[in-house]
Amino acid sequence: MFDSVFSYSIIRRAQKEGTITINIVDLRHYGIGRHKIVDDKPYGGGIGMVLRVDVMDRALAAVRQKGKSEAVALLDPKGKVYKQEIAEEFSQLEHLILVCGHYEGFDERIRSLVDYEISMGDFILSGGEIAAMAIAESVARLVPGVIRKENATIHESFSEKNGSRILEHPHYTRPQVFRSKKVPEVLLSGNFELIGQFRDKKARELTKKTRPDIKT
């Protein structure tokens, strides 16, 4: 799953150029016994299997990099909802470890081994793999040199601008008229001050309409 996603586009180029490095770690390498067991039945009963804390501890000890700024993030729907601020924080690290569970969940004691508990939102996935891919993508693109166009990430949705993190303004391109819908005249004016004001206004209107929870 990870190889297919990380072998395309910007992420692929960044790895090839050595700007970022992504390592996929198989927990079974640190499993118990001949069958490399990584999970077990939950105490007290219940459906599904639970990742063992001793296996996770062994795996984390093996992949940690001493001397580097580092954090371990547990991907769990019970965690703090992931936002751009966290992506920016992660992008400043030298090493980020993402812990993915599958099916039922983790031994609760695993939480004591991590620095962050991250949720992708109020919904449930069968495992943390897709969440890890999303986080890796969002963090990598903030690392200097990954996105080649300078300042390309500054004006995106949720990026900090003048103390707020509003949505990005609408974009238009050719044709100027499509099914009677026209490109706003101000965008054709060449007056970049007016264009900036128009875009800011539209961004704030859009934010208030679709994301009233965001302070504008």
| task | Run the numbers on the chain and let me know its relative contact order in percent, using alpha-carbon pairs under 8 Å that are six or more apart. | result | 17
| request: Please work out, to two decimal places, the log10 of the ratio I(q)/I(0) at q = 0.15, 0.21, 0.26 Å⁻¹ from a Debye calculation in which every Cα of the stretch 154-216 carries one identical scatterer. | output: -0.52, -0.89, -1.10
| Restricting to the stretch 2-140, what percent of DSSP beta bridges are antiparallel, rounded to 5? | 25
| request: In a Gaussian network model over the chain where Cα atoms closer than 10 Å are linked, find which of His29, His171, His102 has the largest mean-square fluctuation. | output: His171
| query | Can you tell me the Rg and the Dmax, both Å, for the Cα atoms in the stretch 41-134? | reply | 13.6, 42
| field | Structure-derived Kirkwood radius over Cα pairs in Å: which label, when the choices are [x] 18.1; [y] 18.5; [z] 20.3 | value | [z]
| field | Partner lysines for Lys161 [C-alpha distance under 17 Å; skip if fewer than 8 residues away on the same chain] | value | Lys83, Lys201, Lys202, Lys208, Lys215
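Would you calculate, for the chain, the mean residue ellipticity at 222 nm contributed by helices, counting each DSSP H stretch of 4 or more residues as -39,500 (n - 2.57) and dividing by all residues, to the nearest 500?
-8500 deg cm²/dmol
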| remark: The FRET efficiency for Ile22 and Glu205, from their Cβ-Cβ distance with R0 = 45 Å and rounded to 0.05, is 0.70
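No value in this document is a laboratory result; all are computed from the given coordinates. Computed from a predicted structure; not experimentally measured. Note that each Cβ is placed from the backbone with ideal geometry, even for glycine, and that neighbours are counted across all protein chains shown.
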